[in-house]
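Chemist: Below you will find the structure I want to go over with you.
The values are calculated or read from the model by the stated rules, or taken from the named source; none is laboratory data. Source: prediction; values computed, not measured. For neighbour counting, all protein chains shown are included, and Cβ atoms are generated from backbone atoms with ideal geometry for every residue, glycine included.
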Amino acid sequence: MRPAFFTLAVILGVTQLGVSQTVSGSAEGFAAGVTGGGSAEAQYPSDIDELKEWLTDDTARVIVLNQEFDFTDSEGTTSGTVCASWGTGDKCQKIIQDDCGDSTALSASWYTAATKPIDVASNKTILGVEDKGIIKGKGLRFRDGASNIIVQNIQVTDLNPEYVWGGDAISFDGSDLIWIDHVTTARTGRQHYVFGFDTSTRVTLSNNFINGETPYSTGCDGYTYWTFEMVGKADQITLQSNYIYKTTGRSPALSGGTLLHAVNNVWEDNNGHALEGGEATAKGLFEGNVWSGVNTIIGDYKGVLFTSPDSSTNEECNSALGRSCVVNLVTDSGELTAYKDTSFFTDFSGLTIAPATSASEAQANVPSKAGAGKL
């Protein structure tokens, strides 16, 4: 007869296995309704080759990551010129570029794999087990019509952090219906999240930890500048309950014709600026967010904004969201200018709107619950 502790261990093991195979919760905001790989049987890739094959094929899949998949030196190295545009110190990023102009030109080598992201095909669910699902040295990209994809509870890390153009963690360029949830990105060569020019619709980024602490940076100080690049022609992005830590810019860079709903995010310890963007066609609605220790909240920005300045003005959000907007919270930071532009509110028509809690509730909960291993 088997001892009781053995039976209990088996039961616990089955329970944990079941959790690891199942998406937690459902997407809110613009990506509501996404199903990913649906009811496909969960599969566990054994190595980087199998993982890449399953991510890129035409089969609907639920892919479970229960280990680290290290692509770092899988494709060798590339050598070329890098420019010391921000200084030659040990903590300064260099940029991969042939023409350095007046900056110091240096010879260097970097890992090739990080500069070539995996193009994820449609109808995939990618799940991490606890905090063990790690893709190291290679990013994920959704483009050319890729759609209906869920990525939850994984880490994407270490993409040539010493070199700008060394690698992006998560990329979009002409995709639709994608939910990125409880993902940690860290130590990237360039962007944590980048949206290309081709339109990406119905995207939700939720509960993610954007860890900007890095050994190399443009400021030579351990704060990343390359956070969110949003330049799509008509992108639709819900940015919900993300923890954006130790950045210095592009948090986000909101440009192109992007429609951004930023709700209940927490920006903490930014020694430069958060929002920037160079095109008047960009549109952002910010509500229930927290900026804590952010030097400048809005930098050089040319688009239209609604920053939910007060409860009376926020009633105007009913036409866009079906409810009033929630007031933002600013602590130990620069001023949040009161933008009240409602001219773009009709763009929310037909889209699913993420709910909002109070900014104080976001401040209390988001930092401790965002990222991989926090489901």
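Chemist: Residues in the stretch 93-100: is at least one under 27 Å from A146 (Cα atoms) and of a type in the set (K, R)?
Modeler: no
Chemist: Step by step: first the residues of the stretch 92-147, then only those that are closer than 24 Å to G219 by Cβ and among the β-branched types (V, I, T), then the one that is surrounded by the fewest Cβ atoms within 10 Å (Cβ to Cβ). Which residue is that?
Modeler: So the residue we want is T104.
Chemist: May I pose another question? Take G334 and tell me if it is touching a residue at least 24 places away in the same chain (Cβ under 8 Å) and either among the charged types (D, E, K, R) or assigned to a loop (DSSP other than H, G, I, E, B) (or both).
Modeler: When the stated conditions are applied, G334 passes them.
Chemist: Listed residues G139, G167, G87, G101; which is under 15 Å from the mean Cα position of the chain (by Cα) and farther than 24 Å from A31 by Cα?
Modeler: G167
Chemist: Which residues, taken from the stretch 294-308, are out of contact with any Cys (no Cβ under 8 Å at 6 or more places or on another chain) and either of a type in the set (V, I, T) or at positive phi (or both)?
Modeler: Within the stretch 294-308, V294, T296, I297, I298, V304, T307 qualify.
Chemist: Could you say which residue among T218, T201 is in contact with a Cys (Cβ under 8 Å, 6 or more places away or on another chain), touching a residue at least 60 places away in the same chain (Cβ under 8 Å) and surrounded by fewer than 24 Cβ atoms within 10 Å (Cβ to Cβ)?
Modeler: None of the other options fit; the residue is T218.
Chemist: Separate question: With V304, V294 as the choices, which residue is among the β-branched types (V, I, T), modelled with pLDDT of 95 or more, farther than 29 Å from T184 by Cβ and out of contact with any helix residue (DSSP H, G or I) (no Cβ under 9 Å at 6 or more places or on another chain)?
Modeler: Going through V304, V294 in turn, just one is among the β-branched types (V, I, T), modelled with pLDDT of 95 or more, farther than 29 Å from T184 by Cβ and out of contact with any helix residue (DSSP H, G or I) (no Cβ under 9 Å at 6 or more places or on another chain): V304.
Chemist: May I ask you to list the residues in the stretch 264-281 that are crowded, with 24+ Cβ neighbours inside 10 Å and under 20 Å from F348 (Cβ atoms)?
Modeler: Across the stretch 264-281, the qualifying residues are N264, N265, L275, G277.
Chemist: What residue, among those in the stretch 291-347 that are aromatic (F, W, Y) and farther than 17 Å from G277 by Cα, is nearest to the chain's Cα centre (by Cα)?
Modeler: The selected residue is W291.
Chemist: From E68, E28, E50, E41, which residue is at negative phi and touching a strand residue (DSSP E or B) at 6+ places or on another chain (Cβ under 6 Å)?
Modeler: Within the list E68, E28, E50, E41, the selection yields E68.
Chemist: Quick one: in the stretch 17-41, which of the residues that are within 16 Å of E130 (Cα to Cα) and out of contact with any Ser or Thr (no Cβ under 8 Å at 6 or more places or on another chain) is surrounded by the most Cβ atoms within 10 Å (Cβ to Cβ)?
Modeler: S20
Chemist: For the subset of the stretch 78-133 comprising residues that are among the charged types (D, E, K, R), in a strand (DSSP E or B) and touching a helix residue (DSSP H, G or I) at 6+ places or on another chain (Cβ under 9 Å), which member is nearest to G189 (Cα to Cα)?
Modeler: D119
Chemist: In the stretch 201-228, what residues are farther than 30 Å from S24 by Cβ and within 17 Å of the chain's Cα centre (by Cα)?
Modeler: Y223, Y225
Chemist: While we're on this one: Which pairs have Cβ atoms under 8 Å, sit 6 or more apart or on different chains, and link a residue in the stretch 56-68 that is among the small types (G, A, S) to one that is assigned to a strand (DSSP E or B) and buried (at least 21 other Cβ atoms within 10 Å of the Cβ)?
Modeler: The qualifying pairs are A60/K124.
Chemist: Another question, if that's okay. Could you count how many residues in the stretch 282-315 are surrounded by fewer than 16 Cβ atoms within 10 Å (Cβ to Cβ) and not in a strand (DSSP E or B)?
Modeler: 5
Chemist: Being among the acidic types (D, E) and surrounded by fewer than 16 Cβ atoms within 10 Å (Cβ to Cβ) is the filter here; which residues of the stretch 46-80 pass it?
Modeler: The answer is D47, D49, E50, E53, D57, D58, E68, D73, E75.
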